Amino acid sequence: MNQLYREIAEQPEVFRRVATTYVNEETFVSWYEDHPGTIYLTGMGGSLFAAYPAYLYLLSRGFPVVYIDASELLHYGLQGIRDVDTLVLLSQSGESYEVLEILNRLPSRPKTLAFTASPKSTLARRVTKAIDILSGTEYAVTATKTHTATLVTLNLWAMAQGRDKEAFLHASLDLELLAEEAEHLIETSPEWTKKILKSLEFAQGAETKVLIARGPALSSAWHGCLLMYECAKETFLSFSGGQFRHGPLELAVKTMFAIALALPGKTQELVVRLAEELAERGVGVLLVGATLEERYNLKVLPLHFPNEYFAPALSVIPIMLLAYTMAEEKGIEPGKAFLIQKTTLRE
């Protein structure tokens, strides 16, 4: 079995491990903290993208919170971090250059918290507190289980900080349902991935390929592009559904293939309407999440998972599997990189 596919298939067990380890009264109490200052969420690549649902959750609860690329925070934001702030550093390896360099250059002494798959890493040793995302070691260059494990674990932490005890304790049921839905997607993927790619074959040569989402699902759109770059060597662009109407929609005058992520939540219907409009314009569309009647150039992959903030951990899995299948059909070894390494050790 290919290493990348093995790591994709391990995700349901990771979700269950996170639920068993972290969803309990003791954990809730130990994570419950006051934040008199600003919470900074920072990292690179898939680790940063995984933080976006937690960022929106904290934002919706009235927390002063910043979501920022670690390479930009390193050069432009360190002077604004105060002793009363909380700096949340995200790195699956715990050795990412920019994340460690932030700690080297900090002019203040904020509370520092790390989410990592490597509890013995340099990052884990240097922060106030390190939380193991429980994914285990990931070997394929393309991030799969470390991305989704970061997302669900960080969501739990955000719920605890938001004093949402009921939602926090209910998360064990959410994560079990997430695991079951993920298992179904993975087990049936040999059939549905080839069927979708064949039915949208005319769109594969499109001049523009896009991933569109809104709200927490934007994390899946951003990481989905990364999956397509690293695994399938395909060029995709990611857009917020709102931003897409402010200019990028004009690209639909050319041939286009769009993956639209319409997950449960405040903005689901807005994404569905955009997907329908694109299909009416002749764009090849794969709608992930919502249920809609299919037509010639509109294909649907429904997902049955109601929690808006955990749902991106599910919606990114079809993109992992599509990228994997596209790589195989091209004769590319899925998950093998030629120009990058698993951990980036320099700027």
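The values are calculated or read from the model by the stated rules, or taken from the named source; none is laboratory data. These figures come from a predicted structure and were not determined experimentally. Ideal geometry is used to build each Cβ from the backbone, glycine not excepted, and the neighbour counts take in all protein chains shown.
Only one of (1) within 12 Å of Ile259 (Cβ to Cβ); (2) outside the structural domain of Leu303 (by TED's automatic domain parsing) fails for Leu227. Which number is that?
(2)
I need the full set of residues from region 292-304 which are over 13 Å from Trp192 (Cβ atoms) and crowded, with 21+ Cβ neighbours inside 10 Å, in order please.
Across region 292-304, the qualifying residue is only Leu298.
Here is a list of conditions, (1) out of contact with any Leu (no Cβ under 6 Å at 6 or more places or on another chain); (2) modelled with pLDDT of 95 or more; (3) among the aromatic types (Phe, Trp, Tyr), and Phe168 meets all of them except one; can you say which number that is?
Of the numbered conditions (1) out of contact with any Leu (no Cβ under 6 Å at 6 or more places or on another chain); (2) modelled with pLDDT of 95 or more; (3) among the aromatic types (Phe, Trp, Tyr), the odd one out for Phe168 is (2).
In this structure, is Glu7 without any contact (Cβ under 8 Å) to a residue 40 or more places away in the chain, assigned to a helix (DSSP H, G or I) and either in the same structural domain as Ala70 (by TED's automatic domain parsing) or surrounded by fewer than 18 Cβ atoms within 10 Å (Cβ to Cβ) (or both)?
For Glu7, the condition - without any contact (Cβ under 8 Å) to a residue 40 or more places away in the chain, assigned to a helix (DSSP H, G or I) and either in the same structural domain as Ala70 (by TED's automatic domain parsing) or surrounded by fewer than 18 Cβ atoms within 10 Å (Cβ to Cβ) (or both) - is not met.
Of these, Gly242, Gly224, Gly265, Gly284, which one is at pLDDT 90 or above and under 22 Å from Ser47 (Cβ atoms)?
Sole residue among the options that is at pLDDT 90 or above and under 22 Å from Ser47 (Cβ atoms): Gly224.
Among the numbered criteria (1) surrounded by 15 or more Cβ atoms within 10 Å (Cβ to Cβ); (2) under 22 Å from Ala9 (Cβ atoms); (3) of a type in the set (S, T, N, Q), which single criterion is violated by Thr137?
(1)
Scan (1) under 24 Å from Leu123 (Cβ atoms); (2) in contact with a Ser or Thr (Cβ under 9 Å, 6 or more places away or on another chain); (3) hydrophobic (A, V, I, L, M, F, W, C) for the single condition Leu58 breaks and write down its number.
Every condition holds for Leu58 apart from (2).
Spot the failing condition for Thr27; the list is (1) assigned to a helix (DSSP H, G or I); (2) β-branched (Val, Ile, Thr); (3) at pLDDT 95 or above, and only one is missed.
For Thr27, the failing item is (3).
For Leu185, are the conditions met, namely being within 21 Å of Tyr309 (Cα to Cα) and either in a helix (DSSP H, G or I) or in contact with a Cys (Cβ under 6 Å, 6 or more places away or on another chain) (or both)?
Details: within 21 Å of Tyr309 (Cα to Cα): yes; either in a helix (DSSP H, G or I) or in contact with a Cys (Cβ under 6 Å, 6 or more places away or on another chain) (or both): yes.
Yes; evaluated as a whole, the condition is true for this residue.
Among the residues of region 122-143, which ones are closer than 21 Å to Trp222 by Cβ and at pLDDT below 95?
Glu138, Ala140, Val141, Thr142, Ala143, listed by residue number.
For residues that are without any contact (Cβ under 8 Å) to a residue 24 or more places away in the chain and in a loop (DSSP other than H, G, I, E, B), tally how many sit in region 30-44. First the steps, then the outcome.
Filtering region 30-44 for residues without any contact (Cβ under 8 Å) to a residue 24 or more places away in the chain gives 30, 34.
Okay, now just the ones that are also in a loop (DSSP other than H, G, I, E, B), so 34.
Total meeting the criteria: 1.
Restricting to region 119-152, give me the number of residues that are in contact (Cβ under 8 Å) with a residue 60 or more places away in the chain and over 12 Å from the mean Cα position of the chain (by Cα).
Result for region 119-152: 9.
Every residue in region 86-99 that is buried (at least 20 other Cβ atoms within 10 Å of the Cβ) and closer than 26 Å to Ala140 by Cα, please.
Correct list: Val88, Leu89, Leu90, Ser91, Gln92, Ser93, Gly94, Ser96, Glu98, Val99.
So, in region 72-85, exactly how many residues are touching a residue at least 40 places away in the same chain (Cβ under 8 Å) and crowded, with 20+ Cβ neighbours inside 10 Å?
Within region 72-85, residues that are touching a residue at least 40 places away in the same chain (Cβ under 8 Å) and crowded, with 20+ Cβ neighbours inside 10 Å number 2.
Give me a count of the residues in region 45-72 that are in contact with a strand residue (DSSP E or B) (Cβ under 6 Å, 6 or more places away or on another chain) and in a strand (DSSP E or B).
4
Please go through region 153-178 and pick out each residue that is surrounded by fewer than 20 Cβ atoms within 10 Å (Cβ to Cβ), at negative phi and either basic (Lys, Arg) or touching a Pro at 6+ places or on another chain (Cβ under 8 Å) (or both).
Across region 153-178, the qualifying residue is only Lys165.
Could you list all residues from region 42-101 that are in contact with an Asp or Glu (Cβ under 9 Å, 6 or more places away or on another chain), over 25 Å from Val152 (Cβ atoms) and among the aliphatic types (A, V, I, L, M)?
Leu74
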